[in-house]
Each structure stands twice: as C-alpha cells, then as structure tokens.
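Reviewing the structure listed below.
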Amino acid sequence: MRERVNYSAAMTATPPDAASGWRWLVRLVPGAAARTALATLLAFGAAASSVALMAVSAWLLSRAAEHPPVLYLQVAAIGVRVFGITRGLFRYLERLVGHDVALRLQSALRLTTYDHLARTTLLGTRRGDLLARVIADVEAVQDLVVRFVVPVVSASLVIVATSAAFAAFSPATALILLVSAVLGGVLVPALAQRVSRRWDAAAAPARGALAAGVHELSRTAPDLVAYGAAEAHLRRVLAADDELRRLDERGAWVRGVASGCQVLAAAAAVIAALLIGAPQVADGTLQPVMLAVLVLTPLALHEVLSTLTQAAQSATRALASLGRVRQVLDAEPVGVGDRELPAGDVRPGPLVLDGLAIGWPGGPVLVEGLDLVVAPGESVAVVGPSGSGKTTLAATILGLIPPKSGSATVTGRVGYLAQDAHIFATSIAENVRIGNRDADAAGIRTALDRAGLALDADRVVGEQGATLSGGEARRLALSRLFAGDYQAVVLDEPSEHLDAVTAEALLDDVFASMAAVPLLVITHDPDVVARCDRTVALAGGDLAGGDPASGESAVGAAPYR
C-alpha cells in the first residue's frame with residue numbers, strides 16, 4: 001500500500017495576491033507593463049472580433065432570409081470577412097507579444113534567481129525541490145501573464161463593450177447579457193478559484209517534493225538496493241506522484257463544474273434574449289433581423305469567458321510557485337559573493353579562525369570557540385568522527401554558510417575539493433575549467449597530467465560522471481585545483497576512492513603544489529594525517545591541537561548536538 005503524503009502546511013499557506021505578485025514581477029523587465037498592455041489590447045481585439053463576427057453573421061443570415069437585393073447584404077458580407085481575418089490576426093499578434101513579455105520576465109526572473117543563488121546557500125533545501133523551484137516554478141510566471149492577466153483584462157473589456165453595444169437597441173437584453181457575463185465570467189471563476197485554492201496552492205510544493213524524491217532515488221539507487229531500502233523509498237516517490245495527481249484531479253473537477261455553470265449562464269442569456277426580444281419584434285420596437293443578433297451573440301461572448309476559470313486557477317498556482325521562488329530570493333546573502341576579491345597577484349596570507357562557532361543556517365551550533373591560525377606553507381589535518389562538524393567547518397571557511405559567531409578570515413581565493421565533488425555531464429575540459437574558467441588547452445592538459453588522469457580532454461562524461469570510475473572522478477575533481485590560482489586550499493578526504501599507490505603519488509603532488517599556501521585537510525586517512533604539520537580534532541564542541549608525529553590528537557570536551 002502506498003504511503004500518503006501530508007501537504008497540509010502547504011495547502012493552508014496563502015500565496016501573494018495577483019496584484020502584488022504582478023507589480024513585483026514587472027519591475028524585473030523595463031517596459032514589461034507596456035508590452036503586457038499591448039498584448040491585452042490585441043487580445044481584446046481578437047475577442048471583440050469574435051463576438052462581432054457572430055453578431056454580423058447572425059444579422060446577415062437573418063437578413064438574407066428576407067431575400068433583399070444582394071447589394072443590401074454587401075456591407076455585412078464584407079464585415080464577416082473583416083472580422084474573420086482580424087480575429088486570427090489579432091490572436092496571432094497577441095500570442096506573439098504576450099509570450100514575448102512572458103519569456104522576458106521568465107528569463108529575468110531565472111537570471112535573478114541564479115544570481116542570488118551564487119551569493120547565498122540553500123544547502124538545507126533538498127536538491128530536487130530546489131531544482132523544481134529554479135526551473136518549473138520560474139516557468140510558472142508565463143501562466144500569470146499569458147493565462148491570467150491578458151485574458152482576464154481583455155475579457156472584462158469585451159463584456160463592457162458588448163453590453164454597451166446591446167444597450168443601443170435593447171437595454172433590457174443588454175442588462176441580462178451583462179448579468180449573465182458577470183455570473184459566468186466573474187462570479188463562477190472566483191468561486192472556483194476559492195474552492196480549489198488550497199489544492200492549486202499545494203501543487204507547486206507537491207511537484208517539488210516529487211522532484212526531490214526522484215532526484216534522491218536516481219542518485220542513491222545502488223545504495224538503496226544494497227541496504228534493502230529501495231522499495232520503501234519507491235513507495236514514498238509513488239505517494240508523492242499520487243498526491244500531485246490527486247491535486248490535479250481535484251482542480252480539474254472544480255473546473256469541469258465551473259464550465260457547466262458557465263454553459264448554464266450562456267443558456268440563460270440566450271433564453272432571456274428570446275423572451276425579451278420576441279415581444280419587442282411583435283410590437284415593432286425591434287427589427288426582426290436583430291432578434292438573431294440578440295440570441296446568438298451571447299454564445300460568442302460566453303465562449304470568450306469559458307477560459308476564465310482555468311485562468312483563475314492558473315493564477316493561484318503561478319502565485320504559489322512565485323512564492324517559492326521568492327523564498328529563494330529572500331534567503332540571506334552570505335559568503336564570497338558578498339565580498340570583493342582582491343585584483344591582480346595576491347600573496348597568500350594566514351587562514352585565521354577567531355572565536356568561530358559553526359552550524360547550518362536554522363540549525364544548532366555544532367562547534368564553538370574555534371581558534372586556529374594556519375600560516376602559508378603550513379598544513380593542518382582536521383579529524384573527528386562523522387557528524388562532528390568537519391564539512392560544516394569547510395563550508396564556513398569557504399563562505400557558503402555564515403558563522404554562528406566569531407570570524408573566519410582568509411586572503412584571496414580559496415580552493416576546495418569536496419568529498420562529493422560534482423562532475424557535470426559535459427567534457428572533461430569543461431569540468432576542469434570549474435577551477436579556472438580561463439584555462440586554455442595546455443593548462444587543462446597540465447592539470448590533468450598532474451592529477452594523474454590520462455584521458456582525452458574532449459571526452460564527454462555522463463551525468464554525475466557515470467562513465468568514469470570512482471578514482472577517475474576523484475582525480476578529475478582534483479585537477480580543478482591544479483588549474484586554478486588559489487591563496488588557500490581546503491581538501492575534504494583527498495585520498496577517497498584512490499588506491500594506495502595512486503593516492504600516495506597524487507598526495508605528493510598536491511602537497512608540493514600547495515607548499516606556499518595555508519592547507520586545511522579534512523580526512524580519516526592516517527597516512528594523510530601523517531603528512532600534515534599539525535592535527536586537530538573535532539568532537540562537536542571544541543577544537544584543539546595535537547602532534548601527528550606522536551599520534552596525539554586532542555578532542556573537544558563539549559558534547560555533539
């Protein structure tokens with residue numbers, strides 16, 4: 001039996017209203033409001049042409065039944081052609097302009113999101129969910145423009161224009177038409193939006209949860225199978241998929257009921273036109289040919305209004321997605337993205353930790369009171385059990401997360417070899433350029449050779465380096481350090497996935513290359529510890545020194561939390 005996912009918290013969250021969300025968006029692109037206004041006018045022209053086409057066609061057919069001279073029908077026949085052409089022309093231009101401004105806004109929002117991500121950290125967010133935010137949720141801005149703002153405003157203008165035209169020859173029918181249009185185009189969509197708001201608002205986080213589950217499953221499938229946890233995780237992914245499907249079904253059910261109500265409103269307008277228009281024709285206050293116009297035109301008008309329920313639901317979903325994107329943008333900027341790196345040649349300086357307390361944003365303090373100075377040319381090994389805060393310390397030094405208190409000071413650029421360094425699905429050369437974007441072919445070859453990787457630089461590796469062995473992937477990550485110019489270096493398990501001979505040769509080159517910079521090495525490998533000048537140990541509360549030559553390693557006294 002599949003597990004059921006609880007999205008009650010997301011379903012009770014209230015997304016920002018359309019007006020404030022729209023005002024926030026249009027500030028991203030100069031001229032977006034003007035382009036949207038033009039798209040709205042073109043949509044109004046298309047909808048008005050559609051309604052006018054029905055009205056003129058009804059008059060033409062009714063008048064032709066009276067067998068007048070053909071010239072009496074010429075103007076109406078031309079009108080049918082004109083409105084038939086302009087309906088398609090205005091619709092094409094509206095799509096062109098509307099999608100242009102939507103794509104401009106989407107591009108600007110995505111660039112803004114990427115720029116902010118480069119200056120902050122959301123490592124507490126599941127990667128699949130974060131990916132859904134910066135892709136699917138950003139794309140939802142199209143719905144706000146193309147499926148809500150443009151159709152709703154243009155339909156409102158058409159309602160007013162059609163009612164005013166009807167009032168010129170049948171005020172009573174115009175009033176009935178206006179009431180039916182308000183019911184079918186305003187009240188019904190508003191009620192539908194209100195009923196399905198909780199489900200529509202929950203769709204975006206449900207999509208993010210599904211993306212996170214699928215991402216985690218794809219990344220950890222071998223381990224899940226090895227530990228017998230694949231079935232349980234697959235059930236959670238299927239439960240997330242079922243929940244998203246249920247949310248879509250509920251929204252579709254509401255939309256179907258609303259569509260039925262809109263059909264009833266159109267039918268009421270047609271019947272009312274017959275009941276009002278027929279007596280007017282009988283007493284001579286209305287020309288007989290106009291009765292067909294009164295009866296058939298509401299059908300065209302309500303066809304224009306039939307998309308407004310979906311527009312209202314799209315607005316809820318788009319605003320919920322926009323709220324998730326704004327959570328990314330509202331995250332507090334931290335790290336190297338907020339400081340200016342010195343220009344030109346920079347001499348390495350000491351790495352200084354002064355009263356440093358570390359921990360992930362929103363989480364508890366893992367280690368506090370860290371005082372450490374690593375001079376240029378000195379290597380320090382950081383050891384400790386898993387969970388003691390070693391990687392958290394590295395993230396703090398790199399500026400990925402802010403200190404809880406105290407400071408971590410370093411001069412210039414910091415090179416980092418992560419324990420799970422990401423290998424991109426591109427060429428080996430482009431992966432090396434992560435360490436130095438300006439590296440030429442010769443520099444890339446040198447970096448690969450120093451890392452002991454005798455592979456073609458133009459070879460394309462698979463997702464997560466799937467076509468590489470574990471050792472090759474590790475050496476490729478190390479080659480990024482050799483390609484760059486760093487004034488301090490942090491290594492996280494540099495010998496992992498390497499055989500003893502390769503690890504020894506590679507570490508010889510690493511330590512020789514980093515002889516002039518502060519070198520902080522996070523490791524469990526005693527051979528790596530023995531290479532370092534000093535060793536310090538974390539135990540979740542303090543940091544103290546020891547002598548690697550004697551095998552001494554000090555351990556902090558405060559308990560890990």
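The values are calculated or read from the model by the stated rules, or taken from the named source; none is laboratory data. As the structure is a computational prediction, the values presented were derived from the model and not from experiment. Virtual Cβ from ideal backbone geometry, glycine too; neighbours counted across all protein chains shown.
Would you mind stating whether residue 173 is over 30 Å from residue 273 (Cβ atoms) and in a helix (DSSP H, G or I)? Spell out how you get there, then give the answer.
Working: over 30 Å from residue 273 (Cβ atoms): no; in a helix (DSSP H, G or I): yes.
No.
In segment 259-305, how many are hydroxyl-bearing (Ser, Thr, Tyr) and crowded, with 18+ Cβ neighbours inside 10 Å?
Residues that pass the stated criteria total 1.
Specify the residue that is modelled with the highest pLDDT; the eligible residues are those in segment 514-556 that are over 19 Å from residue 496 (Cα atoms) and touching a helix residue (DSSP H, G or I) at 6+ places or on another chain (Cβ under 7 Å).
Selected residue: 538.
Which members of segment 314-359 meet the condition of being at pLDDT below 80, in a helix (DSSP H, G or I) and not polar (S, T, N, Q)?
328, 329, 336, 337, 338 - these are the residues of segment 314-359 that are at pLDDT below 80, in a helix (DSSP H, G or I) and not polar (S, T, N, Q).
Taking the criterion of being of a type in the set (A, V, I, L, M, F, W, C), surrounded by fewer than 21 Cβ atoms within 10 Å (Cβ to Cβ) and modelled with pLDDT of 85 or more, would at least one residue in segment 458-468 satisfy it? Full working, then the answer.
Kept after step one, since they are of a type in the set (A, V, I, L, M, F, W, C), are these residues of segment 458-468: 460-461, 466, 468.
Now narrow it down to the ones that are surrounded by fewer than 21 Cβ atoms within 10 Å (Cβ to Cβ): 460, 466, 468.
Narrowing the set further to residues that are modelled with pLDDT of 85 or more leaves 460.
Within segment 458-468, one or more residues are of a type in the set (A, V, I, L, M, F, W, C), surrounded by fewer than 21 Cβ atoms within 10 Å (Cβ to Cβ) and modelled with pLDDT of 85 or more.
Which residue pairs have Cβ atoms closer than 9 Å, lie 6 or more positions apart in sequence or on different chains, and pair a first residue in segment 399-421 that is under 17 Å from residue 451 (Cβ atoms) and modelled with pLDDT under 85 with a second residue that is surrounded by 18 or more Cβ atoms within 10 Å (Cβ to Cβ) and among the basic types (Lys, Arg)?
Between residues of segment 399-421 that are under 17 Å from residue 451 (Cβ atoms) and modelled with pLDDT under 85 and residues that are surrounded by 18 or more Cβ atoms within 10 Å (Cβ to Cβ) and among the basic types (Lys, Arg), the close pairs are 421/474; 421/480.
Filter segment 47-83 down to the residues that are among the small types (Gly, Ala, Ser) and either in contact with a Cys (Cβ under 9 Å, 6 or more places away or on another chain) or touching a residue at least 12 places away in the same chain (Cβ under 8 Å) (or both) and list them by number. I'd like the intermediate steps shown before the answer.
Our first condition is that a residue be among the small types (Gly, Ala, Ser); within segment 47-83, this holds for 47-50, 52, 55, 57-58, 62, 64-65, 76-77, 79.
47, 48, 49, 50, 52, 55, 57, 58, 62, 76, 77, 79, listed by residue number.
Pick from segment 47-94 the residues that are among the hydroxyl-bearing types (Ser, Thr, Tyr) and loosely packed, with under 14 Cβ neighbours inside 10 Å: which of them is nearest to residue 162 (Cα to Cα)? Spell out the reasoning first.
To start, the set of residues in segment 47-94 that are among the hydroxyl-bearing types (Ser, Thr, Tyr) comprises 49-50, 57, 62, 72, 86, 92.
Right, trim to loosely packed, with under 14 Cβ neighbours inside 10 Å and you get 72, 92.
Working: 72: 25, 92: 22 Å.
Here the residue is 92.
Answer yes or no as to whether residue 115 is closer than 18 Å to residue 143 by Cβ, of a type outside the set (Lys, Arg) and assigned to a helix (DSSP H, G or I).
When the stated conditions are applied, residue 115 does not pass them.
In the list 224, 286, 183, which residue meets the criterion of being in contact (Cβ under 8 Å) with a residue 12 or more places away in the chain and assigned to a helix (DSSP H, G or I)?
On the way: 224 fails: in contact (Cβ under 8 Å) with a residue 12 or more places away in the chain; 286 fails: assigned to a helix (DSSP H, G or I).
Among 224, 286, 183, only 183 is in contact (Cβ under 8 Å) with a residue 12 or more places away in the chain and assigned to a helix (DSSP H, G or I).
Working only within segment 193-231, note down all residues that are within 29 Å of residue 308 (Cβ to Cβ) and loosely packed, with under 13 Cβ neighbours inside 10 Å.
The answer is 194, and nothing else.
Would you be able to say whether some residue in segment 379-391 is without any contact (Cβ under 8 Å) to a residue 12 or more places away in the chain, surrounded by fewer than 16 Cβ atoms within 10 Å (Cβ to Cβ) and of a type outside the set (D, E, K, R)? I'd like the intermediate steps shown before the answer.
The initial filter retains those residues of segment 379-391 that are without any contact (Cβ under 8 Å) to a residue 12 or more places away in the chain, namely 386.
Retained after the next criterion (residues that are surrounded by fewer than 16 Cβ atoms within 10 Å (Cβ to Cβ)): 386.
Subsequent filtering for residues that are of a type outside the set (D, E, K, R) retains 386.
Yes; the residues of segment 379-391 include at least one that is without any contact (Cβ under 8 Å) to a residue 12 or more places away in the chain, surrounded by fewer than 16 Cβ atoms within 10 Å (Cβ to Cβ) and of a type outside the set (D, E, K, R).
What are the pairs, 6+ residues apart or on separate chains, where a residue within segment 320-334 that is aliphatic (A, V, I, L, M) has its Cβ under 8 Å from a residue that is modelled with pLDDT of 75 or more and not in a helix (DSSP H, G or I)?
Pairs found: 322/140; 334/399; 334/400; 334/401; 334/402.
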